[in-house]
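The values are calculated or read from the model by the stated rules, or taken from the named source; none is laboratory data. Note that the structure is a prediction, hence the values are computed from the model and not measured. All Cβ positions, glycine included, derive from the backbone under ideal geometry; neighbour counts span all protein chains shown.
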(Lines give C-alpha, C1' and ligand atoms only; values in the text may rest on other atoms or scores of the structure.)
Protein backbone atom coordinates (compact mmCIF):
# COMPACT_ATOMS: atom_id res chain seq x y z
CA UNK A 1 0.00 0.00 0.00
CA UNK A 2 2.71 2.45 0.87
CA UNK A 3 4.11 2.43 -2.64
CA UNK A 4 1.00 3.81 -4.29
CA UNK A 5 0.90 4.95 -7.08
CA UNK A 6 4.32 3.63 -8.13
CA UNK A 7 3.61 0.04 -7.33
CA UNK A 8 0.92 -2.10 -8.77
CA UNK A 9 -1.10 -2.27 -5.58
CA UNK A 10 -4.39 -0.56 -6.28
CA UNK A 11 -6.06 0.97 -3.20
CA UNK A 12 -9.45 0.27 -4.77
CA UNK A 13 -8.56 -3.40 -4.90
CA UNK A 14 -6.83 -3.38 -1.54
CA UNK A 15 -9.69 -1.75 0.30
CA UNK A 16 -12.25 -3.87 -1.50
CA UNK A 17 -15.80 -2.64 -1.17
CA UNK A 18 -14.77 0.07 1.31
CA UNK A 19 -14.48 2.80 -1.36
CA UNK A 20 -14.51 5.59 1.19
CA UNK A 21 -11.36 4.17 2.81
CA UNK A 22 -9.67 3.85 -0.59
CA UNK A 23 -10.56 7.43 -1.54
CA UNK A 24 -9.39 8.72 1.83
CA UNK A 25 -6.11 6.85 1.45
CA UNK A 26 -5.52 8.28 -2.05
CA UNK A 27 -6.26 11.82 -0.87
CA UNK A 28 -3.88 11.42 2.05
CA UNK A 29 -1.21 10.16 -0.27
CA UNK A 30 -1.62 13.09 -2.64
CA UNK A 31 -1.46 15.60 0.21
CA UNK A 32 1.74 14.00 1.53
CA UNK A 33 3.29 14.02 -1.94
CA UNK A 34 2.42 17.69 -2.42
CA UNK A 35 3.86 18.60 0.99
CA UNK A 36 7.12 16.89 0.03
CA UNK A 37 7.21 18.71 -3.34
CA UNK A 38 6.62 22.09 -1.65
CA UNK A 39 9.35 21.34 0.91
CA UNK A 40 11.77 20.45 -1.87
CA UNK A 41 10.90 23.66 -3.69
CA UNK A 42 11.45 25.75 -0.55
CA UNK A 43 14.79 24.04 0.01
CA UNK A 44 15.88 24.89 -3.53
CA UNK A 45 14.77 28.52 -3.13
CA UNK A 46 16.69 28.73 0.14
CA UNK A 47 19.82 27.36 -1.48
CA UNK A 48 19.47 29.85 -4.35
CA UNK A 49 19.03 32.78 -1.95
CA UNK A 50 22.05 31.68 0.09
CA UNK A 51 24.12 31.49 -3.08
CA UNK A 52 22.99 34.91 -4.19
CA UNK A 53 23.86 36.32 -0.78
CA UNK A 54 27.38 34.96 -0.91
CA UNK A 55 27.88 36.23 -4.45
CA UNK A 56 26.45 39.68 -3.75
CA UNK A 57 29.13 40.61 -1.20
CA UNK A 58 30.95 43.88 -1.72
CA UNK A 59 34.68 44.51 -1.66
CA UNK A 60 35.92 48.00 -0.83
CA UNK A 61 39.08 49.17 -2.56
CA UNK A 62 41.04 52.39 -2.14
CA UNK A 63 42.84 54.61 -4.62
CA UNK A 64 44.87 57.79 -4.41
CA UNK A 65 43.84 60.19 -7.15
CA UNK A 66 45.09 63.56 -8.32
CA UNK A 67 42.86 66.64 -8.65
CA UNK A 68 41.84 65.98 -12.27
CA UNK A 69 40.78 62.38 -11.66
CA UNK A 70 39.04 63.35 -8.44
CA UNK A 71 37.03 66.01 -10.24
CA UNK A 72 36.13 63.60 -13.05
CA UNK A 73 35.01 60.95 -10.55
CA UNK A 74 32.88 63.42 -8.61
CA UNK A 75 31.22 64.60 -11.81
CA UNK A 76 30.50 61.22 -13.35
CA UNK A 77 30.73 58.68 -10.53
CA UNK A 78 32.51 56.40 -12.96
CA UNK A 79 36.10 55.49 -13.64
CA UNK A 80 37.44 56.63 -16.98
CA UNK A 81 40.72 56.68 -18.83
CA UNK A 82 42.42 60.04 -18.44
CA UNK A 83 44.72 61.67 -21.00
CA UNK A 84 47.74 59.80 -19.64
CA UNK A 85 46.10 57.10 -17.64
CA UNK A 86 46.29 53.39 -18.10
CA UNK A 87 43.55 51.33 -19.65
CA UNK A 88 42.61 50.22 -16.14
CA UNK A 89 43.08 51.35 -12.57
CA UNK A 90 45.30 50.22 -9.72
CA UNK A 91 43.80 50.01 -6.22
CA UNK A 92 45.04 49.35 -2.74
CA UNK A 93 43.16 47.19 -0.30
CA UNK A 94 43.54 49.66 2.58
CA UNK A 95 43.37 53.44 2.81
CA UNK A 96 46.82 53.51 4.44
CA UNK A 97 48.40 51.73 1.49
CA UNK A 98 46.57 53.96 -0.97
CA UNK A 99 47.98 56.98 0.87
CA UNK A 100 51.47 55.47 0.69
CA UNK A 101 51.19 55.16 -3.09
CA UNK A 102 49.72 58.64 -3.29
CA UNK A 103 52.71 60.05 -1.41
CA UNK A 104 55.15 58.28 -3.72
CA UNK A 105 53.43 59.23 -6.96
CA UNK A 106 51.97 62.67 -6.30
CA UNK A 107 53.54 63.97 -3.10
CA UNK A 108 52.02 64.99 0.20
CA UNK A 109 48.83 66.99 -0.08
CA UNK A 110 48.48 66.47 -3.82
CA UNK A 111 45.96 63.65 -3.78
CA UNK A 112 42.67 62.44 -2.35
CA UNK A 113 41.70 58.94 -1.33
CA UNK A 114 38.59 57.55 -2.94
CA UNK A 115 36.83 54.27 -2.36
CA UNK A 116 35.36 51.89 -4.89
CA UNK A 117 32.81 49.34 -3.76
CA UNK A 118 32.74 46.51 -6.25
CA UNK A 119 30.93 43.19 -6.19
CA UNK A 120 33.20 40.62 -4.61
CA UNK A 121 32.52 38.31 -7.51
CA UNK A 122 34.01 40.94 -9.87
CA UNK A 123 36.86 41.85 -7.52
CA UNK A 124 37.99 38.24 -7.38
CA UNK A 125 38.74 38.49 -11.11
CA UNK A 126 41.09 41.48 -10.76
CA UNK A 127 44.82 41.02 -11.27
CA UNK A 128 46.37 41.03 -7.81
CA UNK A 129 49.84 41.48 -6.36
CA UNK A 130 50.17 40.25 -2.82
CA UNK A 131 52.84 42.89 -2.30
CA UNK A 132 53.65 45.77 -4.60
CA UNK A 133 56.45 48.28 -4.05
CA UNK A 134 57.04 46.89 -0.57
CA UNK A 135 53.86 48.74 0.46
CA UNK A 136 51.14 46.12 0.41
CA UNK A 137 48.64 44.24 -1.73
CA UNK A 138 47.40 45.89 -4.91
CA UNK A 139 44.91 45.03 -7.60
CA UNK A 140 44.42 46.19 -11.16
CA UNK A 141 40.99 46.36 -12.74
CA UNK A 142 40.14 47.01 -16.35
CA UNK A 143 37.67 49.84 -16.86
CA UNK A 144 34.90 47.51 -17.99
CA UNK A 145 35.33 45.55 -14.75
CA UNK A 146 34.62 48.76 -12.83
CA UNK A 147 31.35 49.64 -14.51
CA UNK A 148 29.28 48.62 -11.49
CA UNK A 149 31.62 50.19 -8.94
CA UNK A 150 30.22 52.68 -6.44
CA UNK A 151 32.65 55.54 -5.91
CA UNK A 152 33.00 57.31 -2.59
CA UNK A 153 35.36 59.75 -0.91
CA UNK A 154 37.45 58.48 1.96
CA UNK A 155 39.62 61.53 2.54
CA UNK B 1 67.27 57.14 -13.10
CA UNK B 2 68.64 55.28 -16.10
CA UNK B 3 68.26 56.03 -19.77
CA UNK B 4 66.16 53.41 -21.52
CA UNK B 5 64.66 52.53 -24.87
CA UNK B 6 60.96 51.70 -24.90
CA UNK B 7 59.11 49.67 -27.50
CA UNK B 8 55.36 50.07 -27.12
CA UNK B 9 53.33 47.11 -28.19
CA UNK B 10 50.84 47.92 -30.88
CA UNK B 11 47.15 47.40 -30.33
CA UNK B 12 47.36 44.38 -32.67
CA UNK B 13 50.01 42.94 -30.35
CA UNK B 14 47.70 43.46 -27.37
CA UNK B 15 49.18 46.77 -26.29
CA UNK B 16 47.77 50.23 -25.77
CA UNK B 17 45.91 52.22 -28.37
CA UNK B 18 48.81 54.66 -28.29
CA UNK B 19 51.77 55.43 -26.00
CA UNK B 20 51.03 57.56 -22.93
CA UNK B 21 51.03 61.27 -23.60
CA UNK B 22 52.08 62.77 -20.29
CA UNK B 23 55.59 63.51 -19.08
CA UNK B 24 55.50 60.71 -16.53
CA UNK B 25 54.14 57.21 -16.63
CA UNK B 26 54.04 54.70 -13.79
CA UNK B 27 53.18 51.04 -14.03
CA UNK B 28 54.34 47.60 -12.94
CA UNK B 29 57.50 46.06 -14.36
CA UNK B 30 58.20 42.41 -14.93
CA UNK B 31 61.83 41.38 -14.85
CA UNK B 32 63.35 38.13 -15.96
CA UNK B 33 64.46 37.51 -12.41
CA UNK B 34 64.50 33.83 -11.48
CA UNK B 35 64.65 34.78 -7.81
CA UNK B 36 61.58 36.97 -8.01
CA UNK B 37 57.88 36.34 -8.35
CA UNK B 38 56.35 39.44 -9.81
CA UNK B 39 52.81 38.71 -8.62
CA UNK B 40 53.84 38.22 -5.02
CA UNK B 41 56.57 40.85 -4.93
CA UNK B 42 56.08 43.36 -7.70
CA UNK B 43 57.72 46.70 -8.38
CA UNK B 44 56.46 49.82 -10.09
CA UNK B 45 58.71 51.79 -12.39
CA UNK B 46 58.53 55.44 -13.35
CA UNK B 47 59.21 56.52 -16.92
CA UNK B 48 59.94 60.19 -17.56
CA UNK B 49 59.78 61.35 -21.13
CA UNK B 50 61.48 64.44 -22.42
CA UNK B 51 60.80 64.04 -26.11
CA UNK B 52 59.67 61.04 -28.04
CA UNK B 53 57.92 58.10 -26.39
CA UNK B 54 60.60 55.64 -27.43
CA UNK B 55 63.17 56.90 -24.93
CA UNK B 56 62.78 57.65 -21.24
CA UNK B 57 64.53 58.02 -17.95
CA UNK B 58 63.51 55.02 -15.90
CA UNK B 59 63.66 54.30 -12.19
CA UNK B 60 61.77 52.51 -9.48
CA UNK B 61 58.88 54.20 -7.70
CA UNK B 62 60.22 53.34 -4.26
CA UNK B 63 63.78 53.29 -2.90
CA UNK B 64 63.24 49.84 -1.39
CA UNK B 65 63.20 48.29 -4.88
CA UNK B 66 66.11 46.12 -6.07
CA UNK B 67 68.14 48.72 -7.97
CA UNK B 68 70.48 46.07 -9.37
CA UNK B 69 67.67 45.00 -11.71
CA UNK B 70 68.04 48.24 -13.64
CA UNK B 71 71.54 47.56 -14.83
CA UNK B 72 72.83 48.30 -18.30
CA UNK B 73 71.41 46.29 -21.22
CA UNK B 74 68.85 44.54 -19.07
CA UNK B 75 65.44 44.10 -20.62
CA UNK B 76 62.12 44.07 -18.84
CA UNK B 77 58.45 44.41 -19.62
CA UNK B 78 55.79 46.88 -18.58
CA UNK B 79 52.34 45.64 -17.65
CA UNK B 80 48.99 47.27 -17.11
CA UNK B 81 47.36 44.58 -15.03
CA UNK B 82 47.68 41.38 -17.00
CA UNK B 83 48.28 43.25 -20.25
CA UNK B 84 51.83 43.64 -21.51
CA UNK B 85 52.20 47.11 -22.97
CA UNK B 86 55.91 47.69 -23.56
CA UNK B 87 59.40 46.23 -23.65
CA UNK B 88 62.16 48.29 -22.10
CA UNK B 89 65.91 48.06 -22.54
CA UNK B 90 68.18 49.93 -20.17
CA UNK B 91 70.89 51.70 -22.18
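Quick one: in the range A:109-125, which of the residues that are within 14 Å of another protein chain (Cβ to nearest Cβ) and touching a strand residue (DSSP E or B) at 6+ places or on another chain (Cβ under 6 Å) is farthest from residue B:66 (Cα to Cα)? Filtering the range A:109-125 for residues that are within 14 Å of another protein chain (Cβ to nearest Cβ) and touching a strand residue (DSSP E or B) at 6+ places or on another chain (Cβ under 6 Å), the one farthest from residue B:66 (Cα to Cα) comes out as A:123.
Of everything in the range A:145-155 that is under 16 Å from residue A:69 (Cβ atoms) and in a loop (DSSP other than H, G, I, E, B), the residue that is nearest to the other protein chains (Cβ to nearest Cβ) is A:149.
Taken across the range A:126-144, residues that are in a loop (DSSP other than H, G, I, E, B) and away from chain B (no Cβ under 11 Å) do not occur at all.
Scanning the range A:16-31 for residues that are part of a helix (DSSP H, G or I) and either in contact with a helix residue (DSSP H, G or I) (Cβ under 6 Å, 6 or more places away or on another chain) or at pLDDT 70 or above (or both) returns A:19, A:20, A:21, A:22, A:23, A:24, A:25, A:26, A:27, A:28, A:30, A:31. Would a scan of the range A:92-102 turn up a residue that is surrounded by fewer than 19 Cβ atoms within 10 Å (Cβ to Cβ), in contact with a helix residue (DSSP H, G or I) (Cβ under 7 Å, 6 or more places away or on another chain), more than 11 Å from chain B (Cβ to nearest Cβ) and assigned to a loop (DSSP other than H, G, I, E, B)? No, because not a single residue in the range A:92-102 is surrounded by fewer than 19 Cβ atoms within 10 Å (Cβ to Cβ), in contact with a helix residue (DSSP H, G or I) (Cβ under 7 Å, 6 or more places away or on another chain), more than 11 Å from chain B (Cβ to nearest Cβ) and assigned to a loop (DSSP other than H, G, I, E, B). Among the residues of the range B:4-18, the ones that are crowded, with 19+ Cβ neighbours inside 10 Å and more than 10 Å from every other protein chain (Cβ to nearest Cβ) come to 2 in all.
Scanning the range B:60-71 turns up one or more residues that are more than 10 Å from chain A (Cβ to nearest Cβ) and touching a residue at least 60 places away in the same chain (Cβ under 8 Å).
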